[in-house]
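Here's the structure, in structure tokens; my notes come after.
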Amino acid sequence: MTDSLENPHSMSYVDLLSYIEEVNRCPGGKRTVNNILMRSLLQDGAKVLEIGCNTGFTSIEVAKMKNCQLFGIDVNPQAIQKANEILKKEPDFIQERVKFEVGDARNIRFKDNQFDLVITGGANTFIPEKDRELAFAEYQRVLKPYGLLSVTNLFYHRDVPKPLLQKLNDILGFEIQPWTKNYWLDLLLQSGMELYWYQEKEMQARPSNVIKTYTNGLINQSPALKSLDDKQVQEFKSRWLEIMEVFNENHRYLSFMTALLRNQFVPEQQELFLEKGVIDPWNLNGPKLWKEE
Ligand SMILES: C[S@@+](CC[C@H](N)C(=O)[O-])C[C@H]1O[C@@H](n2cnc3c(N)ncnc32)[C@H](O)[C@@H]1O
């Protein structure tokens, strides 16, 4: 263990959460994973790739419910190391279904047309804005024709104060913009993929005493911190509390989408009459009833 890994103030957010073993769930947690499973209609033996798997929550959840072959990649080696440690605690049949490895969304090592489902979520926000198109093209490249891309992404549904965004930047180490639902959908649909299914839910902040109790419990039970003295443990507690309070405030402005996009093979003609409440993927940014030449 290096010195920097024992100082919570010099650790990156992803290193820190992996180290203290906070379960990093996608927004909506198991409810979201269940939705993805129900909607994606995976067959036994299907091949699934998770991008930005962090410590492995989603991949392991999928493997518990479905006999498929899962690959989880993350650019952070500390997260992958922890994902493998967590996987080792699972029964053999889960371990046989899942593999975690270090990998970058922008340069996926797998060949074209390999996967029935690609799952991606929070990682897209972590990818620099200029590289996101490239990452989405990679997801599409590795999908089979009519394979599905699942995107579980947070987005801002109302104006967020700039000082709060600055605090988030400082914690995460990259620039956070008030990206909206249409920003993400636009980016996704530019790839030529078809919006197959979409749902969004609003997040909510929790009372501050819940945040404090949660942080105390998490840090007190963290296996990696057991060998540290009280002063060091206290440092972790105050750093994690600081982060959770900023995240909690941010949740007042956030919703998340679960979108399934299908890797279209033959382009589909525009659909005109839609039921109320669904997104019109042909007219995301206002009415444009037919694509003019
Ligand atoms: C907040 S976690 C995502 C957790 C969870 N999978 C979800 O759906 O929210 C974001 C993860 O994306 C990873 N990540 C960031 N850039 C990446 C990239 N270029 N390729 C793969 N993973 C990346 C980070 O290391 C981090 O573990």
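The values are calculated or read from the model by the stated rules, or taken from the named source; none is laboratory data. Since the structure is predicted, the reported quantities are computational estimates derived from the model, not experimental observations. Positions of Cβ are backbone-derived with ideal geometry, glycine not excepted, and every protein chain shown enters the neighbour counts. Protein only, heavy atoms only, side chains kept; ligands, DNA and RNA dropped before computing areas. Shrake-Rupley method; radii C 1.70, N 1.55, O 1.52, S 1.80 Å.
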Selection count where residues are buried (at least 17 other Cβ atoms within 10 Å of the Cβ), modelled with pLDDT under 90 and away from the ligand (no atom under 15 Å from the Cβ), scope segment 1-27: 1
Every residue in segment 28-53 that is surrounded by 20 or more Cβ atoms within 10 Å (Cβ to Cβ) and either among the basic types (Lys, Arg) or within 10 Å of the ligand (Cβ to nearest atom) (or both), please. THR32, VAL33, GLU50, ILE51, GLY52, CYS53
Over segment 78-99, the set of residues free of Cβ contacts under 8 Å to residues at least 60 places away in the same chain and open to solvent by less than 20 Å² (accessible area, probe 1.4 Å) is ILE80, ALA83, LEU87, ILE94, VAL98
Qualifying residues in segment 193-234 (those that are of a type in the set (Phe, Trp, Tyr) and closer than 30 Å to VAL142 by Cα) - the one surrounded by the most Cβ atoms within 10 Å (Cβ to Cβ): TYR196
For ILE73, which of the numbered conditions (1) of a type in the set (Val, Ile, Thr); (2) in contact (Cβ under 8 Å) with a residue 40 or more places away in the chain; (3) within 9 Å of the ligand (Cβ to nearest atom) fails to hold? (2)
The conditions are (1) out of contact with any Asp or Glu (no Cβ under 8 Å at 6 or more places or on another chain); (2) surrounded by 17 or more Cβ atoms within 10 Å (Cβ to Cβ), and ASP131 fails exactly one of them. Which is it? (2)
Condition check for ILE211: of a type in the set (Val, Ile, Thr) and under 21 Å from the mean Cα position of the chain (by Cα): no
Would you confirm, using the coordinates I've provided, whether PHE256 is under 29 Å from ALA137 (Cα atoms), crowded, with 18+ Cβ neighbours inside 10 Å, touching a residue at least 60 places away in the same chain (Cβ under 8 Å) and not β-branched (Val, Ile, Thr)? yes
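Among what's in segment 107-125 and is surrounded by fewer than 17 Cβ atoms within 10 Å (Cβ to Cβ) and over 20 Å from LYS66 (Cβ atoms), pick the residue that is farthest from the ligand (Cβ to nearest atom).
Going through segment 107-125, the residues surrounded by fewer than 17 Cβ atoms within 10 Å (Cβ to Cβ) turn out to be 107, 109-114.
Next, only the ones that are over 20 Å from LYS66 (Cβ atoms) stay: 107, 109, 111-113.
Values: ASN107: 9, ARG109: 12, LYS111: 18, ASP112: 18, ASN113: 21 Å.
Of everything passing the filter in segment 107-125, ASN113 is farthest from the ligand (Cβ to nearest atom).
Need a quick list: helices (runs of 4 or more DSSP H) entirely within segment 138-255 having at least 1 residues that are within 19 Å of TYR19 (Cα to Cα).
162-172, 208-221, 230-250
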Sort out which residues of segment 54-77 are of a type in the set (S, T, N, Q) and open to solvent by 50 Å² or more (accessible area, probe 1.4 Å), and write them in order of number. ASN67, GLN69
Out of segment 54-69, which residues are more than 10 Å from the ligand (Cβ to nearest atom), under 28 Å from GLY173 (Cβ atoms) and touching a helix residue (DSSP H, G or I) at 6+ places or on another chain (Cβ under 6 Å)? GLU61
What number of residues within segment 134-152 satisfy the criterion of being within 12 Å of the ligand (Cβ to nearest atom) and open to solvent by 20 Å² or more (accessible area, probe 1.4 Å)? 2
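Filter segment 266-286 for residues that are charged (D, E, K, R) and modelled with pLDDT of 90 or more and give the result. Spell out how you get there, then give the answer.
Initial filter on segment 266-286 (charged (D, E, K, R)): 268, 271, 275-276, 280.
Across segment 266-286, the qualifying residues are GLU271, GLU275, LYS276, ASP280.
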For segment 239-264, which positions are of a type in the set (Val, Ile, Thr) and either in contact with a Leu (Cβ under 8 Å, 6 or more places away or on another chain) or closer than 26 Å to SER12 by Cβ (or both)? ILE243, VAL246
